[in-house]
Amino acid sequence: MNGQENFPESYRDACVASFLNANPQVCPKKLRVKTEGGAFYIDGEVDSWFAKQVAQESIRNMAGIGQIVNRLEVTA
């Protein structure tokens with residue numbers, strides 16, 4: 001069991017979005033997260049390349065997260 005069966009996609013997406021929004025190092029703008037085809041997508045805008053990387057790495061070990069596709073845009 002890989003842990004992905006434990007949570008519905010919508011619940012997992014909401015948990016990750018909440019976690020990222022609460023992370024002061026990320027400070028995302030217009031954050032969108034979704035699971036599709038076994039991959040987890042992060043979309044939106046952040047202020048720095050550092051914040052983009054922190055967003056990806058901070059969720060890497062969360063339950064049910066497999067492949068991460070980081071499509072955050074740096075706008076600063």
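Summary table below
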{"quantity": "Cα centre as origin, Lys/Arg/Asp/Glu Cβ charges: segment 26-65 dipole, Debye", "calculated": "80 debye"}
{"quantity": "Cut-off under 5 Å, modelled amide H: who pairs with Val46 long-range", "calculated": "Lys29, Glu73, Val74, Thr75"}
{"quantity": "Protection proxy ranking, peptides 51-60, 65-74, 33-42, average beta carbon neighbours within 10 Å, highest first", "calculated": "51-60, 33-42, 65-74"}
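Here, each number is a calculation from the coordinates, and none is a lab measurement. Computed from a prediction, not measured in an experiment: that's the story for all the values here. Positions of Cβ are generated from backbone atoms using ideal geometry, with glycine treated the same way; all protein chains shown enter the neighbour counts.
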